[in-house]
Amino acid sequence: MWRRLRSALRSLRGSAAAPPHGGGGRPPAAMERAVVRCVPSEPKLSLRFVLPDGSARHMQRDQAEPLGRALARIATNAAKGHGKAGKKSKKARAESGAEGEAAVPAVRLFSRDGAAVAEEVPNAAAWQDGAVLHIGDARYRVERNPPALTELSLPRSLLAGFPVCPKVSTEFAAPQHCLFRWFREQRPAGGGDAAGEAWVETAAADRVFTPSNALVGLRLKLRCTPGDGEQRYGPAREVESSGPVEAGPGTCTFDARHLYTKKVCSHGSVRVVSYNILADTYAQTEFSRTVLYPYCAPYALEIDYRQNLLKKELAGYSADLVCLQEVDKSVFVDSLAPALDAFGLEGLFRIKEKQHEGLATFYRRDKFSLLSQHDTAFSEALLSEPLHKELCEQLAKYPLVQEKVLQRSSVLQVSVLQSTTDPARKLCVANTHLYWHPKGGNIRLIQIAVAMSHIKHIACDLYPSIPVIFCGDFNSTPSSGTYSFISSGGIAEDHEDWISNGEEERCSMSLSHPLKLLSACGEPAYTNYVGGFHGCLDYIFIDRNALEVEQIIPLPSHEEITTHQALPSVSHPSDHIALICDLKWK
């Protein structure tokens, strides 16, 4: 506790006006800091400073309050602090002559140009950056809303050869403007096992650090200094890894694929990834360990281990659009979003109804901006949106199927993106994960009918004629009704999928949609490979009138997939395989 207090006092005394490696712009050495946090949406501002006696003060004042009242409170606090210091010894009292109340110091605030700020000026307007606060003989440089770190953390698991992506949350700063310094533990002399407490700085100064095999057995430390891109820096914070760097698994299934994706596509092209990454909530069950994936080493099913592989895999694809399924909310917030942000991708998340996992869509910030979001839950949309009234009325004729459809938690994530270089180019990017049950073909047909109506409304009505990219785990093989419906634009009422779960759940409907979509990656032999099943369930559907395929990144070979029998494995983080293709506008 005392260590933290001393650290806080030191950070208050440090400067936010210049970077930590020296340089100009630093206030005079005698000038202390008065840190003001003033946000328009909040009624109060906060003021932090350290009195000459070493005591820290943290005040909350109304933004509309006249400055004079705040200065009077500061004077009172300063007098109290001086009085307490004077009571520490009789000698001190005798020397100061302060047997009674301490004298109240003069407190004034001066603007950057040296003029006294009038006491009737509201606090919000008075406490400007660069102003100088006088408390008796002490001088304080006002720093209004200086860059600050609100969170800094490292992943629990560190693997040699895999990127370490810290979680960096800031206020009045941005991670891309922060300064990073990485340290490793000093290996003990004599080759002992116990690592020492000394730290050695590495040559790395980037946000993401990839430890080499030489660092196996050593912990890492990160020092981060928040910056705002305008040469203002706040106090640095440090964080140490909870454990040492461990050996990586060697060659992974995605390493060869990275040879095709070393660089980001040109602005005229779009690299798209669709990937079911296997939610931790499903991987960490007794059923998963003993029945679904008994061939997978237990440690390779741990989320911390799999996250190392996932982050390296996704970063190495240099994608412009990434659509993920089975994303745990905590994984998105604490791991994937911070990691992919460091590689230039902005993330959007939509959780499933009543679940802990959902969908995530990432887009490259320097290529696209987000125009709008149109996410929906299939069951909710059926009941509440006029768009699906006719389908809902047809479904009501089959109460058993209707009940099952409405019980499902599946959602559709839809994002409308605009090119940063050509505003006329927009994309409707959809992402979904349909009902999983092998006999649920009829349920999936209803879900995909809702999805296509929803996407049609956005791509034809709200944003006429914008191209569609529809990614996901459709839990449907190329011979299924769902795949046929998406590709051909219709489904007959006598299709066999309407009785996928027997005659008692038959629901015969004739459905259609106007979108012209094709599977950009074709029909691979499989995109899901587990002990008891392998088949093609995942697709990237694209608007065949507006987009064409430039390149399909080859899937791993059958030998690579089956090296450890099936998926997931120590070299592959999911039971699915990512689909990747490069597209261009026609």
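The values are calculated or read from the model by the stated rules, or taken from the named source; none is laboratory data. Please read these numbers as outputs of a predicted model, since none were measured by experiment. With ideal geometry, Cβ positions are generated from the backbone for all residues, glycine too; neighbour counts draw on all protein chains shown. These accessible areas exclude ligands, DNA and RNA; they are computed on the full protein's heavy atoms, side chains included. Shrake-Rupley method; radii C 1.70, N 1.55, O 1.52, S 1.80 Å.
Quick rundown of the values:
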| item | result |
| --- | --- |
| Computed lengthening from Ser169 to Ser46, 0.36 nm per intervening residue step minus Cα-Cα distance | 42.3 nm |
| P(r) tail fraction, the stretch 254-585 - alpha-carbon pairs more than 39 Å apart, % | 9 |
| Nearest-10 value in Å² for the accessible area of His513, using the 1.4 Å probe | 20 |
| Helix-derived mean residue ellipticity, 222 nm - over the chain, DSSP H n ≥ 4, -39500 (n - 2.57), to 500 | -6000 deg cm²/dmol |
| FRET efficiency, 1/(1 + (r/R0)^6) with R0 22 Å, evaluated for Asp62 and Val104 via beta carbons | 0.50 |
| Amide proton proximity set for Phe368, modelled H, under 5 Å, gap of 5+ | Thr420 |
| Cα centroid separation, the stretch 165-188 to the stretch 224-273 (Å) | 12 |
| Residue-normalised accessible area of the chain, given per residue in Å² at a 1.4 Å probe | 45 |
| Chymotrypsin sites (Phe, Trp or Tyr not before Pro) lying in DSSP loop within the stretch 340-370, provided at most 12 other Cβ fall within 10 Å | none |
| Shape call, the stretch 411-498: gyration tensor on alpha carbons, a/c limit 1.5 | prolate |
| Additional length obtainable on full extension of the chain from Glu559 to Ala189, 0.36 nm per residue less Cα span | 128.8 nm |
| Distance (nanometres) between label positions extended 7 Å along Cα→Cβ at Lys80 and Ser269 | 6.7 |
| Radius 14 Å from Cβ of Tyr483, net charge of other residues (Lys, Arg +1; Asp, Glu -1) | -4 |
| Prolate/oblate/rounded call for the stretch 490-586, Cα gyration tensor, a/c under 1.5 rounded | oblate |
| Karplus-derived HN-Hα couplings along the stretch 264-275 (A = 6.51, B = -1.76, C = 1.60, θ = phi - 60°), whole Hz, x at Gly and Pro | 6, 4, 5, 5, x, 10, 9, 8, 10, 10, 10, 7 |
| Stokes-Einstein D (µm²/s) once Rh is taken as the Kirkwood radius of the stretch 525-569 over alpha-carbon pairs, at 37 °C in 0.692 mPa s | 262 |
| Net length gained if the chain between Glu120 and Ser510 were fully extended (0.36 nm per residue, minus Cα distance) | 133.0 nm |
| Listed residue pairs exceeding 32 Å between alpha carbons, taken from Lys311/Lys516; Lys311/Lys352; Lys221/Lys584; Lys44/Lys352 | Lys311/Lys516; Lys221/Lys584; Lys44/Lys352 |
| Per-selection Rg to Rh, the stretch 345-488 - Cα, Kirkwood hydrodynamic radius | 0.98 |
| Helix runs (DSSP H) in the chain reaching 15 Å along axis by Cα, Kyte-Doolittle at least 0.5 | 441-456 |
| Portion, in percent, of the accessible area of the stretch 116-248 that falls on carbon or sulfur, probe 1.4 Å | 47 |
| Distance histogram in 10 Å bins (all Cα pairs of the stretch 293-398, percent per bin) | 12, 34, 28, 17, 9, 0 |
| Antiparallel DSSP beta bridges within the chain, as percent of all bridges there, nearest 5 | 85 |
| Net charge of Cβ neighbours under 11 Å - reference Thr527; Lys, Arg +1; Asp, Glu -1 | -4 |
| In order through the stretch 138-150: 3J(HN,Hα) via Karplus (6.51 cos²θ - 1.76 cosθ + 1.60), integer Hz, x for Gly, Pro | 7, 10, 10, 7, 7, 10, 8, 6, x, x, 8, 9, 9 |
| Accessible area of Val216 in the full protein assembly, 1.4 Å probe (Å², nearest 10) | 50 |
| Loop-located GluC sites (Glu not before Pro) in the stretch 209-278, at most 10 other Cβ atoms within 10 Å (DSSP) | Glu230 |
| Share of carbon and sulfur in the accessible heavy-atom surface of the stretch 254-585 [1.4 Å probe, %] | 51 |
| Whole-Hz couplings from phi, Karplus 6.51/-1.76/1.60, listed for the stretch 280-289; x for Gly and Pro | 4, 5, 9, 6, 9, 10, 4, 4, 5, 5 |
| Accessible-area order (highest first, 1.4 angstrom probe) of the listed residues Thr150, Thr261 | Thr150, Thr261 |
| Kirkwood-based shape ratio for the chain, expressed as Rg/Rh from alpha carbons | 1.08 |
| Area of His576 that stays accessible when all protein chains are in place (1.4 Å probe, Å², to 10) | 10 |
